[in-house]
Amino acid sequence: TANSGGSWATELTTGTANLRFWMFTQATSGRIWAVAGLTTGSAGSTSGIYYSDNDGDTWTQHTASVDFYSVVYRSSDDTLFFGGDGELRYIQGVGSLSVLSTTPTGKIKAMALDAEDTLVFGDEYNVWRVPNNQLSLYMGTANDVGPFLSLIRVGDYLLLGSATYISVSRDGGVTFE
């Protein structure tokens, strides 16, 4: 939309069944990043990472044939984090897409930065923290039930949502209630 939602134009999904753009973020440079994945089956050629340098008027596919469900931008070190199906990837600066971890299980849809810029994310079963780019499991299935669908920072705490509840963390994602 170019008129505050008065009208909308479909730019990327025409004729692409089951493709969903799950999340967007904007880097300090102004570039908007989007992640897309299919809702059924395996990744298709339209799945992947997209970006726009003109406020969403046109989009370029950066990475194809990989389902991604979440993206977060950390301005302190110019790093984008991307959550996929059982993997966490990143781009730092103008570098290339790299794998940070393949340890998570399932789709990573819930992702946010805590008040100290530490990446916290939830996959279909667990909650993870990535302090100093070292992946650590903080909440397993014995503590709560996934899949985790949304994670946002509000002030100095995190809100984590699943299909059945909302949890809050006041310690950067170490514990949730």
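The values are calculated or read from the model by the stated rules, or taken from the named source; none is laboratory data. What you are looking at is a predicted structure, and each value in this text was computed from that prediction instead of being measured. Heads up, the Cβs are rebuilt from the backbone with ideal geometry, glycines too, and the neighbour counts pull from every protein chain shown. What goes into the accessible areas is simple: the full protein's heavy atoms, side chains included, and nothing from ligands, DNA or RNA. Shrake-Rupley method; radii C 1.70, N 1.55, O 1.52, S 1.80 Å.
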- Number of the exception - D77 against (1) acidic (D, E); (2) surrounded by fewer than 16 Cβ atoms within 10 Å (Cβ to Cβ); (3) more than 20 Å from Q26 (Cβ to Cβ): (3)
- For segment 49-70, indicate whether the set of residues that are part of a loop (DSSP other than H, G, I, E, B) and of a type in the set (F, W, Y) is non-empty. yes
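Every residue, every condition in (1) modelled with pLDDT under 90; (2) closer than 28 Å to V94 by Cβ, yes or no:
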position: S7; (1), (2): yes, no
position: T14; (1), (2): yes, no
position: A17; (1), (2): yes, no
position: F21; (1), (2): yes, yes
position: T25; (1), (2): no, yes
position: R31; (1), (2): no, yes
position: L38; (1), (2): yes, no
position: A43; (1), (2): yes, yes
- Just name the residue that is most open to solvent (accessible area, probe 1.4 Å) out of those in segment 99-112 that are of a type outside the set (A, V, I, L, M, F, W, C) and free of Cβ contacts under 8 Å to residues at least 24 places away in the same chain. T102
- How many residues of segment 99-117 are among the small types (G, A, S) and part of a loop (DSSP other than H, G, I, E, B)? The answer is 2
- Task: Return yes when S96 is part of a loop (DSSP other than H, G, I, E, B), within 22 Å of Y50 (Cα to Cα), without any contact (Cβ under 8 Å) to a residue 60 or more places away in the chain and open to solvent by 50 Å² or more (accessible area, probe 1.4 Å) and no when it is not.
- Result: yes
- Which one of T63, T46, T25, T58 is surrounded by 16 or more Cβ atoms within 10 Å (Cβ to Cβ), in contact (Cβ under 8 Å) with a residue 40 or more places away in the chain and not charged (D, E, K, R)? T25
- Can you spot a residue in segment 154-168 that is more than 16 Å from the chain's Cα centre (by Cα), at pLDDT 85 or above and open to solvent by less than 30 Å² (accessible area, probe 1.4 Å)? yes
- Only residues in segment 149-166 that are more than 11 Å from L113 (Cα to Cα) count as the first member; pair them with residues that are modelled with pLDDT of 90 or more and assigned to a loop (DSSP other than H, G, I, E, B), Cβ under 7 angstrom, at least 6 apart or cross-chain, and list the lot. L149/K109
- Evaluate segment 141-153: report whether one residue or more is within 20 Å of A27 (Cα to Cα), crowded, with 19+ Cβ neighbours inside 10 Å and in contact with a Lys or Arg (Cβ under 7 Å, 6 or more places away or on another chain). no
